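Beneath this line is the structure, given in structure tokens, with notes to follow.
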Amino acid sequence: MSLIEWIELPNLGDHRGALIVAEADKIIPFEIKRLYYIFDAKPDISRGFHAHKELNQIAFCIKGKCKMLMDNGIEKQEVWIDQPNKGLLIPPMVWHEMHDFSDDCIMLVLASDHYDESDYIREYDKFLVERV
Ligand code: T46
């Protein structure tokens, strides 16, 4: 499976403006149990640097942009997340890092489960061992 998978949400906008919809178990391929958003991120401070054991997530920049590095332990790819209706799927066991946040960036993340720190692998060496 490709390391980079985008989920494109329909834009039901009209002359009044944009309206973008995400429905769980339809275009979002999991039940959404949590959402969180990141803003006022500092352009020169990167975030992430972890993988999840089981969690599935989709990250959108509903305003502005940031770069996401995706790394499955074999292959690495870096992409810009920069469209409000185009989310990057972050599957389990993919090391990810967010870099170069624009000043206006608002990142919205849909997650398949509640917050659980024990689902995080925050050491790269440990990730490389556990991914096999
Ligand atoms: C991810 C990337 C894309 C909570 O208590 N509940 C939550 O739902 C979240 C997301 C975080 N936290 C706590 C855990 C840390 O003490 O908030 C603090 C900051 O989280 P973290 O350093 O993990 O933030 P990022 O930006 O490095 O990573 C976040 C998500 O945590 C992570 O799951 O995949 O965004």
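Details
- Average accessible surface for the chain: 58 Å² per residue, computed with a 1.4 Å probe over protein heavy atoms with every protein chain in place.
- Across the range 54-71, computed HN-Hα scalar couplings (Karplus, 6.51 cos²θ - 1.76 cosθ + 1.60, θ = phi - 60°) run 10, 5, 9, 9, 10, 10, 10, 9, 6, 8, x, 7, 8, 9, 10, 9, 10, 8 Hz from first to last residue, x flagging Gly and Pro.
- Angstrom value of the Kirkwood radius, inverse mean 1/r, which spans all Cα pairs in the range 67-132: 13.5 Å
- Surface share of carbon and sulfur [accessible, 1.4 angstrom probe, percent] for the chain: 51 percent
- Residues of type lysines that Lys42 reaches as a straight line, Cα spacing below 30 Å, ignoring anything fewer than 8 places off in the same chain: Lys33, Lys53, Lys63, Lys65, Lys67, Lys76, Lys86, Lys126
- For the range 6-130, convex hull volume per residue from C-alpha positions, Å³: 106 Å³
The values are calculated or read from the model by the stated rules, or taken from the named source; none is laboratory data. Just so you know, these numbers come straight off a predicted model, no measurement behind them. Quick note on the areas: whole protein, heavy atoms, side chains included, nothing else; ligands and nucleic acids left out. Shrake-Rupley method; radii C 1.70, N 1.55, O 1.52, S 1.80 Å.
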